[in-house]
Amino acid sequence: MITVLCGGVGGSRFLCALAAVVDPARITAIINTGDDDWFHGVYVSPDPDIVTYALAGEVDQERGWGLRGDSFRWLASLARFGEETWFQIGDRDLATHLHRTRLLRERWPLSRVTADIARAFGVKVRLLPMSDDRVRTVVETHDGELTFQRYLVQRHARDAVRAVRFEGAGQARPAPGVVEAVRDAEAIFFAPSNPIGSIAPILAVPGIRDAIAAARVRRVAVSPIVGGRSLQPPAAEMMAGLGYEVDAAGVATFYAGLADTLIIDETDGARAAAVAERGPRPVVAQTVMRDDAARRSLAAAALHAAGVAP
Ligand code: GDP
Ligand code: CA
């Protein structure tokens, strides 16, 4: 079993890359749910949905989230009533949230709901939310606290970040299968996901970080920061707010003691020594998954770094 910790867009791209070169049934994804939230009476689980849609080949590739070719007519209709419509939910996407919300109201745990949605989309990778318990990523800014989606989607990550906390994480338990997926893995990967916004909430659930630290297998992270920039907000903004350097070395600082190897982009080759200084062994590779060839080459480099045969 290959186990991957991930968020949404970067996470889903990396999972698609791995699934192109190894049997998807061998892969387990442990997915961030810190940015889950309620909108208009439905429970939205953005990162598991992005991963599901991407692995099903139905994600909107341009945006990186949502379903390809989706429309937003229900949302436009809601605006008439003065409802807040800054959080984009497509018409087809809404069906996923309605289904999820019904099952949650019938007291299904989130992990079972996530698996059910993945099954309906024909996804073969095993998808596990980090926890069945509610954890909420809260961004502390100079103007007060914002939920993650308000910070990112409504306010476009423009507020300077002072701190980030994961409400409820202390009391949360890892979802069934999560600790086992770490313990029994032949390799553990950290997708090129937002370290603070996507990976840190997973690590904040008691038991997960310890299981990773205790793992005897190779642990390989891929840097989401390429050429000193994040390919999308808010990874750079959040790292800067918490005092990390926004470059490959800053990512290495985050992963020190957790990942043995950090794959950094070719454009960041000059930072390899700085990465090594912070702990992880640097591996330089092409990490931008712009097409199928790039996805396969990154997956191959990651498997090689982990000492795992495809
Ligand atoms: P979110 O939950 O949708 O914010 O997505 P993630 O946390 O999983 O990933 C966000 C990060 O993915 C950003 O910092 C991007 O720079 C990174 N990312 C997206 N596509 C790629 C890619 O092709 N290569 C690399 N190295 N990083 C990527
Ligand atoms: Ca996310």
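Could you give the dipole magnitude of the chain about its Cα centre, charging the beta-carbon of Lys and Arg +1 and that of Asp and Glu -1, in debye to the nearest 20?
About 520 debye.
According to a simple spin-label model (label point 7 Å from Cα along Cα-to-Cβ), what is the distance in nm between Gln171 and Lys124?
For the pair Lys124/Gln171, the computed spacing is 4.1 nm.
When you take every Cα atom in the chain, what is the radius of gyration, and what is Dmax, the widest Cα pair distance, in Å?
Calculated on Cα positions, Rg and Dmax stand at 18.3, 57 Å.
5 Å is the cut-off here: which amide hydrogens, built 1.01 Å from N in the peptide plane, fall below it relative to Ala187, excluding neighbours closer than 5 in sequence?
Hits under the 5 Å cutoff: Thr3.
Let's see if you can work this out: charge +1 on each Lys and Arg Cβ, -1 on each Asp and Glu Cβ, no other charges. What is the dipole magnitude of region 1-81 about its Cα centre, in debye to the nearest 20?
Roughly 160 debye, rounded to the nearest 20.
So, in Å, what gap is there between the alpha-carbon centers of region 34-82 and region 101-132?
Value for the Cα centre distance between the two parts: 16 Å.
Which order do Glu277, Glu83 take by accessible area at a 1.4 Å probe, largest first?
Ranking Glu277, Glu83 by accessible area, largest first, yields Glu277, Glu83.
Work out the length of the dipole vector of region 98-250 about its Cα centre, built from +1 on the beta-carbon of each Lys and Arg and -1 on the beta-carbon of each Asp and Glu, and round it to the nearest 20 debye.
Charge dipole, region 98-250, about its Cα centre: 540 debye, nearest 20.
In whole angstrom, note down how far apart the Cα centers of region 259-310 and region 136-202 are.
Comparing the Cα centres of region 259-310 and region 136-202, I get a distance of 23 Å.
Determine the gain in length on full extension of the stretch Glu140-Ala273; use 0.36 nm per residue of separation and subtract their C-alpha separation, reporting nm with one decimal.
44.6 nm
Estimate the FRET efficiency between Asp292 and Leu242 by the formula 1/(1 + (r/R0)^6), using the beta-carbon distance for r and 30 Å for R0, to the nearest 0.05.
Efficiency for this residue pair is about 0.30.
With the other protein chains left in place, how much accessible area per residue, in square angstrom, belongs to the chain at a 1.4 angstrom probe?
Dividing the accessible area of the chain by its residue count gives 42 Å².
Tell me, what is the percent relative contact order of the chain, built from C-alpha pairs under 8 Å that lie six or more residues apart?
Relative contact order here is 19 percent.
For Val22 paired with Gln232, estimate the spin-label separation in nm (one decimal), with each label point 7 Å from Cα along the Cα-to-Cβ line.
A separation of 2.4 nm, rounded to one decimal place.
Quick one: ranking Val178, Val226 by accessible area, 1.4 Å probe, largest first, what do you get?
Order by accessible area, largest first: Val226, Val178.
Tell me, what % of the accessible area of the chain is carbon and sulfur with a 1.4 angstrom probe?
Heavy-atom surface of the chain belonging to carbon and sulfur, 1.4 Å probe: 50 percent.
In vacuum, with every alpha carbon of region 71-165 counted as one equal point scatterer, what does the Debye formula give for log10 I(q)/I(0) at q = 0.10, 0.16, 0.17 Å⁻¹? Two decimals, please.
Computed log10 I(q)/I(0) values: -0.39, -0.94, -1.01.
Glu180 label point, 7 Å along Cα→Cβ, cut-off 19 Å on backbone N: hits in region 1-21?
Residues 1-5 qualify, since their backbone N sits under 19 Å from the label point.
Name the residue farthest towards the positive end of the dipole of region 37-96 from the options Ala79, Val44, Ala95, assuming +1 on Cβ of Lys and Arg, -1 on Cβ of Asp and Glu, about the Cα centre.
Ala79
How much length is gained if the chain between Asp91 and Trp74 is pulled fully straight, taking 0.36 nm per residue apart and subtracting their Cα-Cα distance, in nm to one decimal?
Result for the pair: 5.5 nm of gain on full extension.
Kindly write out, for region 210-225 in residue order, the coupling ³J(HN,Hα) from the Karplus curve 6.51 cos²θ - 1.76 cosθ + 1.60 (θ = phi - 60°), rounded to whole Hz, with x marking Gly and Pro.
Using θ = phi - 60°, the values come out as 4, 5, 5, 4, 7, 5, 8, 8, 6, 10, 10, 10, 10, 6, x, 9 Hz.
Using modelled amide H (1.01 Å from N, peptide plane; none on Pro or chain starts), what sits under 5 Å from the amide H of Thr141, excluding residues fewer than 5 places away?
The answer is Leu146, Arg162.
With every protein chain left in place, what is the accessible area of Asp70 in Å² (1.4 Å probe, nearest 10)?
20 Å²
The values are calculated or read from the model by the stated rules, or taken from the named source; none is laboratory data. Small disclaimer: the values here were computed from a predicted structure and weren't measured. Positions of Cβ are generated from backbone atoms using ideal geometry, with glycine treated the same way; all protein chains shown enter the neighbour counts. For the accessible areas, the whole protein counts, side chains as well, though only heavy atoms, and no ligand, DNA or RNA atoms are used. Shrake-Rupley method; radii C 1.70, N 1.55, O 1.52, S 1.80 Å.
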